[in-house]
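Below is one structure, written out as structure tokens; comments come after it.
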Amino acid sequence: MPPASRSVPLLVGLTLTGILLSSTCSANPLANFKAGRSTETLMVGGVERTYNIRLPMAIEQSRAKLPVVFLLHGFSGSGAAIESYSGFGKLADAEGFILVTPEGTGRPAGWNCDFITLGKAGMEDIRFMNELVDKVAATYPVDPKRIFAAGHSNGAMLANVWGANRPDKLAAIGCVAGVIGVGRTQRKYMADPKGKLSVLHIHGTEDRVVAYNEQGSALLFGPSAPDAVKWWADKMGIKSAPVKQSSGAVQTVEYKSPGETVRLLSLTGWTHDWPVGSKSPIQAATTIWDFFKAHPKKLSGAEGDPILPPILPSRAGPLYRSSGAPFGPSLKEWRIGTLRRLPNHYSQLLPGHFYLAAPLPILRFLNELRGAWTFVGSNVALTDQGI
């Protein structure tokens, strides 16, 4: 065979090597993750902190990157408790996202966040959350576009502050019965956000623990729920007037820009409890998750490209390909038709097959080289032969 012909397979090998090298993510793409729940620890400033992590079955079925939700319990609560009573535990399993429930400090346990200290004195909870999100992203296949935080009561306060502190990491936050500051008349507000993200607040109008507004009696007062979302909308630079809707006991106020959404759900007659069950006007976990799904972070470059599984020269499972590969356009230029043909984060991939997502000329070239390829999308092909 002439030297020129022999260079063709070599080029393919180098190209595929480039795929593997360019797609390296924080987590080991070949790690064999197992679904289930575990309790882990993390050293933060010389203090051992605890968190629970729940991995869905999707982590065994696919090599796609998964969303992650950090769920923060309220004062006197626990990560295990909110995972259960909120409904987020079962929802994570059903929807295929990673659920992380950190534990506060003190007796009873709480959180320290900017304008309020309900955890053990000296505990740096923002630092804890920042180091925790980095650890989770480095350990598991986390989609950087879909990192979210939700919380209840004191946990919702921390979610607000953390969202303002790390909008570079968090795409959206969901806050139930939380405030953005304290004080009925002389108010102390949280610090201004460092960037943009989407925000959902849910608050019962009859909350007697964390007041919905300045009326009536409650243990803790702060900016009212309507004032809180108006504050967030102003900080996000949203200039348009809010859209208001009413459906039964749920009153919605929404501020929207092309990039961010700030929404308040006021639950008429609801108290401080997490909204769940037959008597609740909404199921808060599902409502928050639907909001999260609709508001991924917009990233640029290779980090923001979808992760699609191409070929692995064994049957262990697929690897990743991102826009850093040495051929073809960015995935952003041709991903739409592909993703619609392989739904559910590729959980329906055929066992024993290898998938390659690449520009069509590359797929045709591989087909001529090895054969046995089946095209399942405009830019996706599969084979049971490997390479």
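Read-outs throughout are calculated quantities, based only on the coordinates presented, and are distinct from any laboratory measurement. Predicted, not measured: the structure shown is a model, and the values here were computed from it. When we count neighbours, we look across all protein chains shown, and the Cβ atoms used for this are built from the backbone with ideal geometry, even at glycine.
Structure above, values below:
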| read-out | value |
| --- | --- |
| Inter-label distance for K120 and A94, nm, one decimal - labels placed 7 Å from Cα along Cα-to-Cβ | 3.7 |
| Karplus-derived 3J(HN,Hα), 6.51/-1.76/1.60, for each residue of segment 134-147, Hz, glycine and proline x | 5, 5, 4, 5, 7, 9, 10, x, 9, 7, x, 7, 10, 10 |
| Potential lengthening between S280 and A191 on full extension [0.36 nm per residue; Cα-Cα distance subtracted] | 28.8 nm |
| Estimated inter-spin distance, S84 and S246, nm [label 7 Å along Cα→Cβ] | 3.9 |
| Long-range HN-HN contacts of N112 with modeled amide H, under 5 Å | L118, G119, D125 |
| Subset of K90/K230; K239/K293; K145/K230 violating a 30 Å alpha-carbon distance limit | K90/K230 |
